[in-house]
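Heads up: the structure comes next, in structure tokens.
The values are calculated or read from the model by the stated rules, or taken from the named source; none is laboratory data. From a predicted model like this one, the values you see are computed outputs, not experimental measurements. Here the Cβ positions follow ideal geometry from the backbone for every residue, glycine too, while neighbour counts run over all protein chains shown.
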Ligand SMILES: Cc1cc2nc3c(=O)[nH]c(=O)nc-3n(C[C@H](O)[C@H](O)[C@H](O)COP(=O)(O)OP(=O)(O)OC[C@H]3O[C@@H](n4cnc5c(N)ncnc54)[C@H](O)[C@@H]3O)c2cc1C
């Protein structure tokens, strides 16, 4: 795909920042589970944190294609940092922008652009948490076990099933409140520095001014948010896969066995060829879906196709990268085990592969 000049410049700027700044701390932050707040502030100064926030609200107002190439560059080095930025834009900024009223936009978007707030997303479609009607307001109780960016203490978009109310799914913005507790999760496999916390709601009162759009459109807000997020997460999966391939090629050039670099061996070369093919095909689907978004067109099934293929690719490519590293691939001294762990998680979040295939089948069958 021929990217326009703006995208090429963004890609190069993000590549430089990722290699010169993010890379240095990626492993350390992963091991310690550190939320990369300094990097996020610097990305805010570069306009990337407020990528999808329009200029009217102090954001960069980027096209989605520009945002996905930026995510890809970041996740070649650190998928956690890319996921923090993607969650903030796709799961927090986007639903407010698309469904919020002017007061909500003025309240949250300028802060989201400058990094004063880093937004999250809590979606509880099961009985683990829920809303009950209390007069004109709703009371939220229960737990969301895994919420990205919760470590930042910022607001988040919330989606809660409603018991005995006048809607079935409440879409809202949840602000900091004494009735919310953010607790450490048990250690997670991947995306360990993406600020994941367990969020407990203890009779939190949500007034009408927190609702996104009308009471009845909760499912529409969630579906649209997931479609936008699927494209962003797919870009992260492509970046993880490309990062793993780059590391595998570097290692295969350096590793000598039987008096020659292992990159000379046909079986290793075949692995590299297959990895490159799958990455390129996935990237193409991600860019196609991003361009549909920029053209204001329907995102399904393109968004789910991109997320599904990029997920399968990232899982396969990171597995093969570990094989190319041999026994060293299994060790934390080398980066490919982190890519493998991160691929597993990004593949699941925002809709599992089974969910993406259901959506694709529904659209394809008609
Ligand atoms: C590290 C991490 C961070 C996360 N962060 C957030 C966050 O910030 N905010 C948030 O709200 N959530 C977050 N999540 C939750 C995540 O979005 C869910 O885990 C994911 O959507 C899958 O839902 P589930 O865990 O309830 O699995 P389930 O829905 O219980 O699925 C389990 C299995 O059953 C299959 N399955 C379920 N339903 C069907 C069906 N109808 N047909 C066929 N197969 C089906 C699934 O594909 C899967 O294989 C996070 C998860 C992780 C691992």
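Here are some notes:
- Options 300, 284: the member that is in a helix (DSSP H, G or I) and under 28 Å from the mean Cα position of the chain (by Cα): 284
- Residue within segment 176-193 that is touching a residue at least 24 places away in the same chain (Cβ under 8 Å), surrounded by fewer than 21 Cβ atoms within 10 Å (Cβ to Cβ) and farther than 22 Å from residue 87 by Cα present: yes
- The listed residue being at positive phi and not assigned by TED's automatic domain parsing to the domain that holds residue 190, out of 100, 59, 47: 47
- Test: residue in segment 117-136 that is in contact with a strand residue (DSSP E or B) (Cβ under 7 Å, 6 or more places away or on another chain), more than 26 Å from residue 296 (Cα to Cα), within 11 Å of the ligand (Cβ to nearest atom) and assigned to a helix (DSSP H, G or I): no
One line per residue, one yes/no per condition, for (1) modelled with pLDDT of 95 or more; (2) surrounded by 15 or more Cβ atoms within 10 Å (Cβ to Cβ); (3) more than 18 Å from residue 228 (Cα to Cα); (4) more than 16 Å from the ligand (Cβ to nearest atom):
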position: 282; (1), (2), (3), (4): yes, yes, no, yes
position: 295; (1), (2), (3), (4): yes, no, no, yes
position: 332; (1), (2), (3), (4): no, no, yes, yes
position: 335; (1), (2), (3), (4): no, yes, yes, yes
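- Boolean, residue 320 is touching a helix residue (DSSP H, G or I) at 6+ places or on another chain (Cβ under 6 Å) and in contact (Cβ under 8 Å) with a residue 40 or more places away in the chain: yes
- Scanning segment 173-210 for residues that are within 24 Å of the chain's Cα centre (by Cα) and at positive phi yields 191, 195.
- Single condition residue 80 does not satisfy, out of (1) closer than 23 Å to residue 180 by Cα; (2) touching a residue at least 40 places away in the same chain (Cβ under 8 Å); (3) within 14 Å of the ligand (Cβ to nearest atom): (1)
- Test: residue in segment 265-277 that is closer than 30 Å to residue 171 by Cα, in contact with a helix residue (DSSP H, G or I) (Cβ under 9 Å, 6 or more places away or on another chain) and part of a helix (DSSP H, G or I): no
- Per the listing 211, 236, the residue uniquely outside the structural domain of residue 299 (by TED's automatic domain parsing) and surrounded by 14 or more Cβ atoms within 10 Å (Cβ to Cβ) is 211.
- From the list 324, 315, 360, the one residue that fits, being buried (at least 24 other Cβ atoms within 10 Å of the Cβ) and outside any loop (DSSP other than H, G, I, E, B), is 324.
- Helices (runs of 4 or more DSSP H) (entirely within segment 1-99) containing at least 2 residues that are surrounded by fewer than 21 Cβ atoms within 10 Å (Cβ to Cβ): 5-17, 23-32, 37-45, 94-99
- Only one of the numbered conditions (1) within 13 Å of the ligand (Cβ to nearest atom); (2) farther than 23 Å from residue 214 by Cα; (3) modelled with pLDDT of 95 or more is violated by residue 111, and that is (1).
- If you check 299, 291 for being touching a residue at least 40 places away in the same chain (Cβ under 8 Å), more than 16 Å from the ligand (Cβ to nearest atom) and crowded, with 20+ Cβ neighbours inside 10 Å, only one passes: 299.
- Within segment 139-245, strands (runs of 3 or more DSSP E) holding 2 or more residues that are within 11 Å of the ligand (Cβ to nearest atom) and more than 21 Å from residue 33 (Cβ to Cβ): 156-163
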